[in-house]
Structures are given as structure tokens and as C-alpha cells.
Amino acid sequence: MTQQPIEREIREAVVGRYAARARAALESAGVAPAAGACCAPGDAVPAGPTKLEFFDLGAGTALGAACDPNDPDCAVDVAPGASPSSSTRFGTLNYEQTEGVPAAALAASAGCGNPVAIAELRPGESVLDLGSGGGVDCFFAAHEVGASGQVWGLDMTPEMIQLARHNATQVDAKNVRFRLGEIEDIPFADASFDAIISNCVINLSTDKPQVFREAFRVLRPGGRLRVSDMVWTREVPAAQARDAEQWAGCIAGALRVEDYLGAIRAAGFVDVDARYEETESGLTSAYVSATRP
Amino acid sequence: MRRDLMEILACPVCKGELTLDARSEAADGEVLEGSLHCARCDERYPIDDGIPNLLPPDLRREMEAEEARARGGGS
């Protein structure tokens, strides 16, 4: 695939946005964010037990999710005057059960669905989360696979890895590990996982076919790909197509649903399917499932 | 980074095996500082504060340069 000149700019916009989100969540959890990519010794270890606070998921919960329709980068140019879709919910509104999940994990949640709900995880399975952020989906997955299973979160933002590790200490999630890496170059051996989940992240990649090829490689035969992600059900409006900030806000990078599923099939997956509801703007969140034969 | 979780990791570039070079270890066997070495690429992936950096090397260098620039800017 040819390098697009804007690729670097997009990547920086994405990392910048999510690093800021992670720093805010770390600060609200009383943890000093590391100055840079690497952490001063001791930073990852919280000073003492932090009181767990849980979000009230009632009206007015402000989560500042990346795909928040109230975010100007996300909504303004997509559907002027259109109300946010009733079917697309952002951040923690997708989780019916949030007890036991640290507030900091929920605060950084930028998902557009709940992939664990469709992943059919079983005890003992190995799961990889592409773009694990503050770790909220990993913690839900860890609950499903139990102590005999393993969950790995992969994220390219150092601050998110720091946040996820902090959150893991709060929920005592011994079977969850986080790694700093890219979803286009997954640092895991072939056929390592029973399931891959991802929540509103693949749209941010500038090379989605490569993400799906890598996902295929690290899944075992019979392994499941279960993701929620933003897709267009109509032609992508030209004005949005190459704006880095709108890319980081889950709009400009979103593919047409046919192209998204086509890229998954091209990687070798079978039983490729998407479930979504049409919206006025044409941008919607979809549950996508596929299987490595 | 724990030793017993090594086998699942692979070089992000060539997907080859990585060998662990531990410089400092916690009492529970957690490797805090060191590196993961890919013999095929002859590339070292640093482990800082227990977190292995498995970003592709060119990207890692870019980020490190960016950081150095940010620090040099007096921020």
C-alpha cells in the first residue's frame, strides 16, 4: 500500500487525542501521568489503595468519549442539525454492568459498542483487545474467560498502557496484560488467540487491510473476530475524508460498511457479518463478526 | 513483563521469536528493566518499568525524537 502523505499527521492526531484522554483519567484517579513514553520508576505503582468510584450512568454522564456525538470533531460536519443516533451509543453507555470496573477505566472509555457481549467468550480462552485504551473491555473479557483464561490488551499510546496497568491493579485483574504496540504490526506469535475484540479503534487505522491480516494471523483456526466500530452506510462525505482531527474523532477514517467487510474477507476470514442500524447522518456503529476458518 | 509470558510475544516486524535480556527483576519474577531481542532483525525492544515497547522500531525512534524535541522546547 502506498504511504499517504497525511498518514503521519493522522497518527499524531490519534495518539495526541488518546494520550490527553489517558492523562486526564490518570489525574482524576490521583496518579501522576509519566512525563513521556517511558515511566519513572514507581509511577506505575499507585501510592496506596485508591478508593474505587463508580460512574452513575444516568443522564448527564460526561465521559468525553472519542466518538462522542457532542464532540465538535465528531458531529458538526457529519450531519448538521441531525440529532445523535438513537442506535449509536458511546463510551460507557454500552455497558449494562459496570460494577467492579474502576472509574478511571470508564472515564477513558471511547467505545461505540460492547464487543465482549457478542464475543461468546468461554472460560480458559485467550483474548486479544486491539486498541485496549484504559482497559475496560479487557476487564469485562477477563471476567468471562476466568482465571484459566488470559486477556491481552494492545495499544499504541504509552499513556493508555500506563492507565490500563493502573486500572488493572484496582480490579485485581491478574489474567490481564497490556502491551505497547501497533495493531498493524501485532507483536504476538501466530495462532495465539481464540478471540479478538476491538471497540471503535480499527476505524482510526490508516491501513485497515493490514490490521485484518494481522488479526487473522494471530487467531487460531476457528478463532473469532468480534468488534464494534464506526462505519458509513452511505458514501463518505468528501469534506471529511482527509481531515486528521476528524480521523481521530472516528469519522474521517470510517469506511463504508461494504469496504470494511470486504477488507475482512480479503484477509481470509469467513462468516463475515455486520449488524447496525441506519442513521440520518449515514455514520453508524456496527457490530462486526468474522471467523478464521 | 513476566518470563513465563514470553512465548506468546513475537517481533512486530518479522514475527520471529524474542529472547529476554533482564537487567532488573522484582521479587515476583516481573522483569522491570531490560530488553527483548529479535535475532532475525537484530533489533532490541526496550522494557521500561515493566512495559515492553513493542512498537515497530522506526515508530519508536520517531516518538523518542518527538519527546526529546518536546523536552528541549522548555515545556
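Structural remarks
- Qualifying residue in the stretch A:258-273 (condition: small (Gly, Ala, Ser), closer than 18 Å to A:GLY131 by Cα and in contact (Cβ under 8 Å) with a residue 24 or more places away in the chain): no
- Residues of the stretch B:20-29 that are more than 13 Å from every other protein chain (Cβ to nearest Cβ) and farther than 19 Å from B:LEU55 by Cβ: B:ALA22, B:GLU25, B:ALA27, B:GLY29.
- Only a single criterion out of (1) touching a Pro at 6+ places or on another chain (Cβ under 6 Å); (2) in a loop (DSSP other than H, G, I, E, B); (3) more than 7 Å from every other protein chain (Cβ to nearest Cβ) is not satisfied by B:PRO12, namely (3).
- Residues in the stretch A:204-226 that are within 14 Å of chain B (Cβ to nearest Cβ) and farther than 19 Å from A:PRO123 by Cα: A:SER205, A:THR206, A:ASP207, A:GLN210, A:VAL211, A:ARG213, A:GLU214, A:ALA215, A:PHE216, A:ARG217, A:VAL218.
- A single member of A:SER148, A:SER132 is in a loop (DSSP other than H, G, I, E, B), among the hydroxyl-bearing types (Ser, Thr, Tyr) and buried (at least 24 other Cβ atoms within 10 Å of the Cβ), and it is A:SER132.
Residue-wise test of (1) among the charged types (D, E, K, R); (2) buried (at least 23 other Cβ atoms within 10 Å of the Cβ); (3) closer than 13 Å to A:LYS208 by Cβ; (4) touching a Gly at 6+ places or on another chain (Cβ under 9 Å).
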| residue | (1), (2), (3), (4) |
| --- | --- |
| A:ALA238 | no, no, no, no |
| A:TRP247 | no, yes, yes, yes |
| A:GLY262 | no, no, yes, no |
| A:THR279 | no, no, no, no |
| A:TYR287 | no, no, no, yes |
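- Within the stretch B:40-75, considering residues that are of a type in the set (A, V, I, L, M, F, W, C) and more than 9 Å from the chain's Cα centre (by Cα), the one farthest from A:PRO187 (Cα to Cα): B:ALA70
- If you go through the stretch A:180-203 and keep only what is more than 7 Å from chain B (Cβ to nearest Cβ), farther than 20 Å from A:ARG220 by Cβ and either without any contact (Cβ under 8 Å) to a residue 40 or more places away in the chain or hydroxyl-bearing (Ser, Thr, Tyr) (or both), you end up with just A:GLU184.
- For B:LEU32: the one exception among (1) of a type in the set (A, V, I, L, M, F, W, C); (2) within 8 Å of chain A (Cβ to nearest Cβ); (3) surrounded by fewer than 16 Cβ atoms within 10 Å (Cβ to Cβ); (4) over 24 Å from A:GLY131 (Cβ atoms): (3)
- Top-ranked residue in the stretch A:175-233 [being touching a Lys or Arg at 6+ places or on another chain (Cβ under 7 Å) and assigned to a helix (DSSP H, G or I); ranked as surrounded by the most Cβ atoms within 10 Å (Cβ to Cβ)]: A:ILE202
A short reminder: the numbers here are calculations on the coordinates, not readings from a lab. Quick caveat: nothing in here was measured; it's all calculated off a predicted structure. Neighbour counts are summed over all protein chains in view; Cβ atoms, including those assigned to glycine, are modelled from backbone coordinates with ideal geometry.
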